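FYI, it's all coordinate maths here, none of it is from the lab. Note that the coordinates shown come from a computational prediction; the quantities given were computed from them, not determined experimentally. Positions of Cβ are backbone-derived with ideal geometry, glycine not excepted, and every protein chain shown enters the neighbour counts.
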Ligand code: NAD
């Protein structure tokens with residue numbers, strides 16, 4: 001018996017980076033996985049990796065920053081696999097980099113819509129489906145910047161602090177309903193998000209900020225998400241768990 005046998009899971013932003021690693025970890029642990037992303041090519045590549053390895057996954061294109069996108073994704077999971085047990089709200093962007101006084105209103109709104117509002121919309125629709133199913137587990141992707149500032153990224157820091165707060169509230173409200181909800185706080189992880197947003201000089205500087213002496217890997221984060229999504233973490237809810245190579249301990 002595998003850890004997630006007979007479980008149905010959703011992962012948003014699963015066409016790349018951490019979300020892709022989470023979808024693969026869920027499927028390897030026996031779950032049926034709905035791989036969702038706004039990027040069809042990346043999402044379908046994740047599904048292909050899973051099915052090639054003998055796992056069960058289906059792609060659903062959805063914009064995680066909208067309530068409609070999240071509602072359609074949950075409805076698809078229930079229609080395809082009969083229920084929803086697990087959701088990882090992972091889709092996110094780094095966004096504009098500027099001092100707060102120079103930060104554009106559009107840039108602020110875009111980060112909030114994807115990184116914070118999208119996680120709320122996801123949780124809202126997932127909670128209803130999980131209640132109908134007698135319980136479930138949600139893991140929200142925060143960041144170390146749910147705890148400490150990210151230079152020139154006020155929107156990112158604010159959105160991730162919001163995700164931690166939302167996660168606490170859901171943990172408290174839904175503990176009695178057999179639904180657990182936790183947040184994960186990765187340090188800097190080797191993914192396309194970093195490559196697209198940061199110069200090689202910045203990446204080298206960031207590496208030095210992790211006492212372990214390197215950036216993290218997506219599958220290291222996926223192992224923590226898998227733990228929080230399985231019965232191994234049955235007494236954990238409303239929490240925020242760092243996986244940061246010591247970044248926030250300095
Ligand atoms: P990534 O860019 O590799 O992957 C993000 C995925 O999300 C992409 O496939 C993208 O198409 C998708 N996406 C973006 N907007 C979307 C939308 N509106 N709807 C649906 N999908 C959308 O990034 P990553 O590094 O894997 O980041 C994943 C999550 O982890 C994000 O929430 C990010 O903030 C968080 N995180 C990343 C790091 C890091 O250092 N890479 C550290 C801490 C937290």
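Sort largest first and round to whole Å: the equivalent ellipsoid semi-axes of the chain, each the square root of five times a Cα gyration tensor eigenvalue.
Sorted largest first and rounded, they come to 27, 19, 18 Å.
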* Asked: Using r as the Cβ-Cβ distance of residue 98 and residue 172, and R0 as 41 Å, what FRET efficiency do you calculate, to the nearest 0.05?
  -> 0.70
* **Relative exposure of 232, 37, 113, judged by other C-beta atoms within 10 Å (fewest first)** => 232, 113, 37
* Which ordering of 221, 148, 35 is given by a fewest-first count of other beta-carbon atoms within 10 Å? -> 148, 221, 35
* **Translational diffusion of the range 18-141, µm² s⁻¹ [Kirkwood Rh, Cα pairs; Stokes-Einstein; 10 °C; 1.306 mPa s]** => 105
* **Estimated [θ] at 222 nm from DSSP helical runs (n ≥ 4, -39500 (n - 2.57)) normalised by residues in the chain, nearest 500** => -13500 deg cm²/dmol
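Fewest first, what order do 173, 106, 45 take by the number of other Cβ atoms within 10 Å?
Details: 173 13, 106 9, 45 17.
Neighbour counts put them in this order, fewest first: 106, 173, 45.
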